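Below is one structure; the comments refer to it alone.
The values are calculated or read from the model by the stated rules, or taken from the named source; none is laboratory data. Since the structure is predicted, the reported quantities are computational estimates derived from the model, not experimental observations. All Cβ positions, even for glycine, are placed from backbone atoms using ideal geometry, and neighbour counts span all protein chains on display.
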Amino acid sequence: MDNVFRKLIWKMKGVTVYALVGRSGTGKSFRSKLVAEKYNITMIVDDGLLIMGDKIIAGKSAKREQIFLKAIKTALFDTEEQRQEVIEALQHHRFKRILILGTSERMVLKIASRLQLPIPSKIFKIEEFASKEEIETATHIRNSEGKHVIPVPTIEITRNYPQIVYDSMRIFFKKRLPLPWQKKVFEKTIVRPEFGKRGRITISEGALGQMVVHCLDEFDDTIKVKKVLVKNNPEGYTLTVKLKVPMKSQISGILKELQQYIADNLERYGGIIVSQVNIEIDDWV
């Protein structure tokens, strides 16, 4: 109830939430300041951090984590301490518009919920702000060199996370009138996260299937998993779970709850971004 009340308060204050969605490495952080400038957005939530202007005002950078799966949890504000720090900072500062960055719509909705913010009124796709060639270039740099971007000046990152700083860049944003004093310059920091120094982490289809089976055993041990099909999409994993269900089981009322349970547990304990869970009743027993 308290969470619902807080979200209502934000709406009464006239706060609007926006989101920018795109798969990892496509340039969301790189372009976030330009999106914020275009829509007069003063707050940005990116990879576990709350950013206002050129300052980190709360949160913990996922780039600092030494383990990739822990980095995902940090980006999702998984711990109570991190969530409360950001929530208190949001309540303390005055703002009207905030931008949440994420790899999928489900991710930004979860972040908004965890930070007790309203549902985003507008969800932008990275393709609206970057060409296919620019996205491919950004993805290549991410995959080959492991470089990430944090949308604040290097001096700010060096103060907080000196061990991950790699370089900096300056981005010029042109106003409508071509006057020198109407140009804005944004400095961004290029970093190499700790988890990026240790190679890639992949999770096999079999391992995901085992995790789903474990979830079902905890949820309802009378329901059995017959097969799990996994598809790795840019925005996250799509799972199709085929079940054996007891004939007398009242399954219709709990299917949606089961979908959410599987997605939440894979995310929480495996650091896995799940974009969709499809449930199929494949057999009755």
Q. In the stretch 126-141, is there at least one residue being touching a residue at least 12 places away in the same chain (Cβ under 8 Å) and among the basic types (Lys, Arg)?
A. no
Q) Are there any helices (runs of 4 or more DSSP H) wholly within the stretch 86-161 with 1 or more residues that are over 16 Å from Thr42 (Cβ atoms) and either in contact with an Asp or Glu (Cβ under 6 Å, 6 or more places away or on another chain) or modelled with pLDDT of 90 or more (or both), and if so which? A) 105-114
**Q.** Pairs with Cβ under 6 Å, 6+ apart, first in the stretch 13-32 and touching a residue at least 24 places away in the same chain (Cβ under 8 Å), second hydroxyl-bearing (Ser, Thr, Tyr) and part of a loop (DSSP other than H, G, I, E, B)
**A.** Thr16/Ser121; Arg23/Thr103; Ser24/Thr103
(Q) Quick check on my filter: what residues within the stretch 84-104 are small (Gly, Ala, Ser) and touching a residue at least 40 places away in the same chain (Cβ under 8 Å)? (A) Gly102, Ser104
Q.
Taking the condition of being within 18 Å of Asn265 (Cβ to Cβ) and crowded, with 17+ Cβ neighbours inside 10 Å, how many residues in the stretch 58-73 meet it?
A. 2
Q.
With the structure loaded, tell me whether Glu80 is modelled with pLDDT of 90 or more and among the acidic types (Asp, Glu) or whether it fails that test.
A. yes
Q) For the stretch 245-285, what are the residues that are more than 27 Å from the chain's Cα centre (by Cα) and at pLDDT 85 or above? A) Glu280
Q. In the stretch 1-38, what residues are at pLDDT 85 or above and loosely packed, with under 13 Cβ neighbours inside 10 Å?
A. Lys38
Q.
Regarding the stretch 73-83, can at least one residue be identified that is more than 16 Å from the chain's Cα centre (by Cα) and free of Cβ contacts under 8 Å to residues at least 24 places away in the same chain?
A. yes
